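Below: one structure, written as structure tokens.
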Amino acid sequence: MKKLLQVKHVEKYYGNKNNLTKAIDDISLSVNSGEFVAIMGASGSGKTTLLNCIATIDRVTSGNILIDGEDITTLKGNNLNKFRREKLGFIFQDFNLLNTLTGYENIALALAIQNISAKEQNDKIKAIAKTLGIEKILDRYPYQMSGGEKQRVASARAIVTNPKIVLADEPTGALDSKSSKALLETFERLNQTLGSTILMVTHDAFAASYASRVIFIKDGKIFSELNRGDDSRKTFFDNIIDVITLLGGNLNDAC
Amino acid sequence: MLAKLAFKNIKKSFKDYAIYFCTLILGVVIFYIFNSLDSQTAMLRLSESTSSLMRMMEEVLSGVSIFISCVLGFLIIYASRFLIKKRNQEFGIYLTLGMSKRKISTLILLETLIAGVMSLVIGLACGVLISQVTSVFVAKLFEADMEQFAFNFSIAATVKTLIYFGIIYLVVMIFDVVMVGKCKLIELLQAEKKNEKIRLKNPALCIVLFLASVAMMGWSYWAVTDGFYTVISNRPLAFILVPIGLGCVGTYLLFWSISGMALRIISSCKNIYGRKLNSFTFKQLSSKINSMVASISIICVMLFMTICLLSSALSIANYFNNSIQKYASADMEVEVYRESETQKATDFEKIFSENGVLDDMSDLVTVSVYSDPNFNYGDSLGLALEEITAQYPYITFDAPIDIMSSSDYNKLADILQMESAKVGANEYAIVVNYETWIYSRTLELDSKMNIFGTNLSPNGSKIVDGFNIINGGAFNMGFFVVPDGIIKNEVPYKDFAVINYFTQEHDDQVELNEKIAAINYGGSGVSFDSKIRIKENSIGLSAMATFVGLYLGLIFLISSAAILALKVLSDTIDDREKYNILRKIGADEKQIKGSLFKQELIFFLLPLVLALIHTIFGIKFCLMILETIGVTTLLGSMITTCIIIVLIYGGYFIAAYACSKNML
Ligand SMILES: Nc1ncnc2c1ncn2[C@@H]1O[C@H](COP(=O)(O)OP(=O)(O)O)[C@@H](O)[C@H]1O
Ligand SMILES: [Mg+2]
């Protein structure tokens, strides 16, 4: 299977010589096209930093990141923006929807930035809204939506541009368990029916159990990796809990 | 402790509110400069009458200052309310940390005090420095000689500035404290989220109000221009406030309805709305406008008044400077009215010679003026009288009109540098230069006139541009020039002498004028006018117009620009997060800055564009009034005004854009 994302010996330091934080300490991993990968770790373990580096929002201190064969650590300026809007989709914990725009307009904006015509925008949004079951809330403003609805609109915005890879940072972090479950099922469906590649950061074992592979990191290093294989979600969940126990303590509490 | 926090807060927010602070300083500077005219003119040599005009002007400016300080007071209260609102969350945090409301009030008091004192000190310092430069312009305006350059500093103006601004800041403090006192913690903490809702206006109501506002403004435009005499006839003059008031209401309704409709219209143009960041840009813009419809309307009206005020004021000053050259083209004029029909003509040459002033005269021309009791203004207007009475219902036309012989008039034309009048044996010429009367006269240009019993035909279809009394402007409402033969046997009712002196020295001329005025000429009445008196009079008027116009205009301009700039800046602070989201979904920096630029440009242009539309009609109205003092065009001064507006308003826009760009 094709390697869509390759992270090679990435390091990320914060601060100066006297007060150095190694947020990421020599991480290498790869994600294949069509995979649904979760990254787990306690708060402060460097999950967001890693995701931001992959997302080109942050820069690595050393190492390389290849997406679709292109080394993104060497991209600059408008090439970087171009790459970001054409190849990547983002979903954030706090939704990051624009409050002054309706759900439809929020999704459309991601397409408009790519110079896609209004007609085509409409077709694409209608299609994705159907898949995610948000047709009824498209005309609402974010303040008129529940958290789960907001996150589904944000997911639609991330997916609608047909990105190579969708990056999600704690997407269920601000949701109640019912909405979390619905969102994760949506991710599963996107992954299975549309073949979207998803890289999700989470500290929640339940969320991670929806992925096909889980990578655990601790103190900026990869600690372990779990493949779901043909296991049921329940079995996979139990396996994840085992690793967490091994990691030392409950991740939820660490937050 | 609190003082330290206050200082820190000011320092922290200084960059964000530099524009507010600069506006305060600018306000102080302008206030000081216009109140320190006395010391600016201290080293000028001013004549008696100019000094008394100066004193009058100071009184007028002092009255205007009270109004100005009200405007500035409102501006500062508005701005500080704005700034406090932006900090609601910060106050909420102070409250949750256990700081008492009293302490927060004290904190705000201290902050206002520090900002106030700093702006006063810096503003006064700048004011004193700048007034050294402006005093040169003042000298030029008064055409006074600057004996020597001296540093000027007005204690009175300084004290006045301190008192007025002290009061303003005091009122601001009270307002702020009351505002904080009324706040509830929960509201403070939620302040940010509350105003994010999009309020949609009823489209039908918008359309109705839009049409109503267009109708209101349309009627007001008509009422102050073509319809003015229709509207004002049989009504008190104060009725003019009705179209002005309606215009203001119309402005508000227009902005209210447009801000409700524009978004709907634009968002239905899917191709434009769905391009790049347009949807975001328009939504931002519409929420900006929706949240301050009233302010934008007031700003629009203020801009409109600024343009009219500045254009009118500058044109008055400009007009007098030019027209004195043209219409006060002799140094002195003496008119002697005859007591009876039998009195002989005054022999000016002999009288002047006897009084020892003849040798000082380089030119002396004496002429006579006649009138025919059977030929008055009304008769001279012929059939045009009806139209003209309809237009000027307050004027009566039964006074006899002046008549001069062609040889006398051409003698005058020679010395006063006017075109001569050629009249054939049975012809007459009309001499007129008053703008509004030129038109009226043109209506009857081909009629025969019966003057002293003789039927005369016009000498062509052209009016002669001229006058017989030196003046500050074109105020000759018309007199007739007829062949010498026709008035051979008539007796003139007055004689007059037009004089030029050898000397061009101001003081010498004043002395000569006084000597000539003291002579006993006989006759039933004597009147004098001199170039020097005319100059002083019109300088007073033009200086007054310039000062009041500039004073009000500048304050209006900076107030409106400052409010818009502050709104733009505080919105940008609120919207930082939104721009970050745009970045995350892949928008280029160029697109983001472009969106910001478009929002701010349209926001600044909106009130200006409507103000300019108002101005088209407002200027017509100003011109209608100014024509009565002889001003015929505002074009030159409008160009100057536009330059001033582009500099100040444009400057605020650029500063606001630059600051907000840096905040992103
Ligand atoms: N901008 C920053 N400056 C300095 N240190 C940072 C910054 N961002 C994150 N860190 C540090 O890097 C480490 C990893 O943070 P993060 O990636 O946010 O963890 P996680 O998302 O797993 O909770 C933490 O120790 C954090 O304090
Ligand atoms: Mg994180």
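The values are calculated or read from the model by the stated rules, or taken from the named source; none is laboratory data. Since the model is a prediction, treat every value here as computed from it, not as a measurement. FYI the Cβ positions are ideal-geometry reconstructions off the backbone, even for glycines, and counts take in every protein chain you see. Heavy atoms of the whole protein, side chains included, go into the accessibility calculation; ligands, DNA and RNA do not. Shrake-Rupley method; radii C 1.70, N 1.55, O 1.52, S 1.80 Å.
Mean partner shielding of peptide A:101-107, defined as the number of other chain Cβ atoms within 10 Å of each residue Cβ, is 3.
In this assembly, the A-B interface accounts for approximately 2400 Å² of buried accessible surface in total, computed with a 1.4 Å probe and without ligands, DNA or RNA.
With Cα atoms defining each centre, the range B:386-410 and the range B:343-364 are spaced 31 Å apart in the structure.
In this structure, residue B:130 and residue B:103 have a Cβ-Cβ separation that, at R0 = 56 Å, corresponds to a calculated FRET efficiency of about 0.90.
Amide H to amide H, with H built 1.01 Å from N, residue A:4 comes under 5 Å of A:31, A:32, A:33, counting only residues 5 or more places away or on other chains. What's the average, rounded to a whole number, of partner chain beta-carbon atoms within 10 Å of each residue's beta-carbon in B:384-392? That average works out to 0. Each Lys and Arg Cβ is given +1 and each Asp and Glu Cβ -1; about its Cα centre, the range B:1-194 then shows a dipole of about 1480 debye. Computed on chain B, with alpha-carbon pairs under 8 angstrom and 6+ residues apart, the relative contact order is 20 percent.
The angle between the Cα long axis of helix B:18-35 and the longest principal axis of the Cα atoms of chain B comes to about 30 degrees, rounded to the nearest 10. Taking label points 7 Å from Cα along the Cα-to-Cβ direction, residue B:140 and residue B:507 give a separation of 2.7 nm.
Over the range B:330-533, the ratio between the Cα radius of gyration and 2.2 N^0.38 Å evaluates to 1.07. Taking a point 7 Å from the Cα of residue B:235 along the Cα-to-Cβ direction, the residues of the range B:595-628 with backbone N closer than 18 Å to it are B:618, B:621-622, B:625.
The Rg/Rh ratio of chain A, with both radii computed over alpha carbons and Rh defined as the Kirkwood radius, is 0.96.
Under 5 Å from the amide H of residue B:428 lie the amide H atoms of B:457, B:459, each residue being 5 or more positions distant or on a separate chain, with H modelled from the backbone and absent for Pro and chain starts. Scanning residues 5 or more positions from residue A:90 or on other chains, those with amide H under 5 Å from its amide H are A:167, with H placed 1.01 Å from N in the peptide plane. Once C-alpha pairs closer than 8 Å and six or more residues apart are averaged by separation and normalised to the residue number of the range B:509-664, the relative contact order reads 40 percent.
Cα centroid distance between the range A:126-144 and the range B:89-109, in Å? After rounding, the separation between the Cα centres reads 42 Å. Normalised radius of gyration (Cα atoms, divided by 2.2 N^0.38 Å) for chain B: 1.24. Axis of helix B:635-663 versus longest Cα principal axis of chain B: the two differ by about 10°, to the nearest ten degrees. Would you be so kind as to identify which of A:220, A:104, A:9 lies farthest towards the positive end of the dipole of chain A, taking Lys and Arg as +1 and Asp and Glu as -1 on Cβ and the Cα centre as origin? Projecting each Cα onto the dipole axis, the largest value belongs to A:104. Ordered from highest to lowest accessible area with the whole protein assembly present and a 1.4 Å probe, B:4, A:164 read as B:4, A:164. Counting Cβ atoms of other protein chains within 10 Å of each Cβ in A:137-150 and taking the mean gives 1. Taking all Cα pairs closer than 8 Å and separated by 6 or more residues, the relative contact order of the range B:330-533 comes to 40 percent. Rounded to the nearest 20, the Cβ-based charge dipole of chain B about its Cα centre (Lys and Arg +1, Asp and Glu -1) stands at 6860 debye.
Remark: chain A carries a charge dipole of roughly 580 debye about the Cα centre, counting +1 on each Lys and Arg Cβ and -1 on each Asp and Glu Cβ. Compared with the dominant principal axis of the Cα atoms in chain B, helix B:531-584 is inclined by about 20°. Counting only DSSP H runs of at least 4 residues, each contributing -39500 (n - 2.57), and dividing by the residue count of chain B, the helix-based mean residue ellipticity at 222 nm comes to -23000 deg cm²/dmol.
Legend: residues in the range B:572-590 shielded by at least 30 square angstrom of accessible surface upon adding the remaining protein chains to the isolated chain (1.4 Å probe, heavy atoms) are B:578, B:581, B:584, B:585, B:586, B:588. In terms of distances greater than 30 angstrom between alpha carbons, the cross-link table entries A:87/B:598; A:234/B:584; B:448/B:494; B:448/B:620; B:326/B:462; A:12/A:126 yield A:234/B:584; B:448/B:620; A:12/A:126. Between the alpha-carbon centers of the range B:496-528 and the range A:228-249, tell me the distance in whole angstrom. Comparing the Cα centres of the range B:496-528 and the range A:228-249, I get a distance of 115 Å.
What order do you get for B:257-265, B:55-63 when each peptide is scored by the mean count of other beta carbon atoms within 10 Å, highest first?
Descending packing order for the listed peptides: B:257-265, B:55-63.
Under 15 Å from a label point set 7 Å out along the Cα-to-Cβ vector of residue A:233, the amide N atoms of the range A:154-184 belong to A:172, A:177-184.
What the Cβ-Cβ distance of residue B:627 and residue A:64 gives, at R0 = 56 Å and to the nearest 0.05, is a FRET efficiency of 0.10. Here the accessible area of the protein assembly as shown is 59 percent carbon and sulfur, with a 1.4 angstrom probe and all protein chains present.
Taken along the Cα-to-beta-carbon direction at a fixed 7 Å, the label points for residue A:78 and residue A:120 span 1.9 nm. What FRET efficiency comes out for residue B:527 versus residue B:204 if R0 is 56 angstrom and r is the Cβ-Cβ distance? Round to the nearest 0.05. So the FRET efficiency works out to roughly 0.25. What the phi angles of the range B:430-435 give under the Karplus curve with 6.51, -1.76 and 1.60, with θ = phi - 60°, is a coupling list of 9, 10, 7, 9, 6, 3 Hz, glycine and proline written as x. Taking a straight line from the alpha carbon of residue B:85, these aspartates and glutamates sit under 20 Å away, with near neighbours fewer than eight places off in the same chain left out: B:16, B:111, B:176, B:187, B:192, B:196, B:571, B:574, B:575, B:577. Across q = 0.10 Å⁻¹, the protein assembly as shown modelled as identical point scatterers on its alpha-carbon atoms has Debye log10 I(q)/I(0) values of -1.18, in the order of the q list.
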